[in-house]
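Asks: Dumping the structure here so I can ask a few things about it.
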Amino acid sequence: MDPVTSLAAGHAAGKLIDRVATSFRVNVIERWSKRRARHFFEQFCHEVEIELAGGRSDELESLLEKMLKDEHSTELLFDAYRRVSLSRSKTIGPRVIGILTAKLAIEQREPTGAEESMLDAAEQLYDDELIESASFIGEYRRRAADEKQDDVTLCDRGILRIKWNCEQLDSNWHREFDVSLGPLNLDESCGSWATKMESLGMIQTDLTEKKWNYQEDGERHIDQDGSVREISWWIITWDTYFEFADLIDRVTPDTE
């Protein structure tokens, strides 16, 4: 290819790239970032309005303008916008971020470690994952309140322990198959949301073992002495994150 033709081809390719780049910015970046930002800002304004306890619209506008001139509030909003722009969730995540950001802006403080984790989760989880996580926490939170349930406990320190699986290994029982005693695979057991929340420190797993001996007892059809090892797999979370589930339920559209 001669230099003139090469230059013309390069120019045409450059014009094409410019057109595609403009289309990409308008139809992809602006379209979806604006949609997420709108959900965020609607929820943020709603939370601020609630804080005014039914105040007039001019009071809401005044408070928002004050926040937009405050260094701490604008930094919070900038960080929130960054999260919303990168959010994998189209609707629920941005709205949860909006609620938490409004709370922090009104109280003029930095997020706690737990709130930081909730903001991260709202950014990283998809809508369906957020719904699944809230459903999981809600279910086992209710079960922990039922005294008849012995596989779920909520202790005084706010630790929710869920016995997910249990295996008993009897010294007199010879199995014909292997029993895996490895760590609990949260992705297989609960879904991708659980793996993501584990990486954020919002849930964790535990493996416990207890052992007891038993004696020969003809009346109970026990032919000889033996022992039992009980291996239990647990999923653990904390009542601090009940708020996260509540926020997701609050902003999830009613599908009924």
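Asks: I need the GluC sites (Glu not before Pro) found in segment 130-208, filtered to DSSP loop residues with at most 14 other beta carbons within 10 Å of theirs. Show your work: numbers first, answer last.
Replies: On the way: sites: Glu132, Glu139, Glu147, Glu167, Glu176, Glu188, Glu198; in loops: Glu147, Glu176.
Within segment 130-208, the qualifying GluC sites (Glu not before Pro) (loop, at most 14 other Cβ atoms within 10 Å) are Glu147, Glu176.
Asks: Set the Förster radius R0 to 30 Å, insert the Cβ-Cβ distance between His72 and Ile236 as r into 1/(1 + (r/R0)^6), and round the FRET efficiency to 0.05. Don't skip to the end; give the middle numbers.
Replies: On the way: r = 34 Å, r/R0 = 1.14.
E between His72 and Ile236, to the nearest 0.05, is 0.30.
Asks: Let me ask something additional. Only counting other Cβ atoms within 10 Å, I'd like Ser180, Ser85 sorted with the fewest neighbours first. Please report the intermediate quantities before stating the final value.
Replies: Working: Ser180 8, Ser85 16.
Ascending number of Cβ neighbours within 10 Å: Ser180, Ser85.
Asks: Can you sort Met197, Met202 so the residue with the fewest Cβ neighbours within 10 Å comes first? Intermediate results must be reported in sequence, preceding the final value.
Replies: Values: Met197 27, Met202 22.
Ranking Met197, Met202 by Cβ neighbours within 10 Å, fewest first, gives Met202, Met197.
Asks: Can you put Phe136, Phe242, Phe177, Phe40 in order, fewest other beta carbons within 10 Å first? Display every interim value, and only then the final one.
Replies: On the way: Phe136 20, Phe242 17, Phe177 4, Phe40 28.
Listing Phe136, Phe242, Phe177, Phe40 from fewest to most nearby Cβ atoms yields Phe177, Phe242, Phe136, Phe40.
Asks: Hey, another quick one. Using 0.36 nm times the number of residues separating Ser135 and Gln108, minus their current alpha carbon distance, what extension gain do you get? Please list the in-between numbers first.
Replies: Details: separation 27, 0.36 × 27 = 9.72 nm, distance 3.13 nm.
The span from Ser135 to Gln108 would gain 6.6 nm if fully extended.
Asks: Trypsin sites (Lys or Arg not before Pro), restricted to segment 149-256: which are DSSP loop and have at most 13 other Cβ atoms within 10 Å?
Replies: Values: sites: Arg157, Arg161, Lys163, Arg175, Lys196, Lys210, Lys211, Arg220, Arg229, Arg250; in loops: Arg157, Arg175.
Sparse-neighbourhood loop trypsin sites (Lys or Arg not before Pro): Arg157, Arg175.
Throughout, read-outs are computed from the coordinates displayed, never taken from laboratory work. Everything numeric here is computed off the predicted structure, so don't read it as measured data. Cβ: placed from backbone, ideal geometry, glycine included. Neighbour counts: every protein chain shown.
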